Amino acid sequence: MKEENIRFRQAIFENGKFIRWHYWGFIGFRNEFIGPITIAGINIKCDVMDSQQFTGEKDINNVDIYEGDKIINQSRNERHPHPIVFIEGKFVGDYGGLYYDFSQEIERERIEVVGNIHE
C-alpha cells in the first residue's frame, strides 16, 4: 500500500451515539502524518486498535472504502450489506464467517458502500 493510502478514521461518539469521523494518518499535500485527535483543545486517545484503516480502494461512487464499511455487490443484487474486515493480512468482505476478496469486484465497478458498523 502506498504511503498516501495509509490512513485511518476514528469514530467519535457523544453520549454513546456516533456523531462523526476523525481522519488521521498520512494525509495531506506532503503526506504529513496527522495523529492524535484534539477537540476543543483536549487530546483524545487515538489508537490504531480502535480505528478503521483505509483499504486503498474506492467504490462505484468514488467513495473511499474503510475497514468497518458495509458494502453490497451490485452485480449480485444483494439486499443485505456485508462489513469489510481485515483477516490474514488483507481486507475482505465478511459473509457471516465466509470471506471473499472484494478487490476483484472493485475492478469491475460493482461494489458500493452503503453504511458502516457505527451508523
Under the 0.36 nm per residue contour assumption, what length would be gained going from the current alpha-carbon distance of residue 13 and residue 103 to full extension?
29.4 nm
Karplus-derived HN-Hα couplings along the stretch 84-89 (A = 6.51, B = -1.76, C = 1.60, θ = phi - 60°), whole Hz, x at Gly and Pro:
8, 10, 10, 9, 6, x
Fully extended, how many nm does the chain gain between residue 62 and residue 95 (0.36 nm per residue separation, minus their Cα-Cα distance)?
9.6 nm
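Bear in mind these aren't lab numbers, they're just calculated from the coordinates by the rules spelled out. All values reported here derive from a predicted model rather than from experimental measurement.
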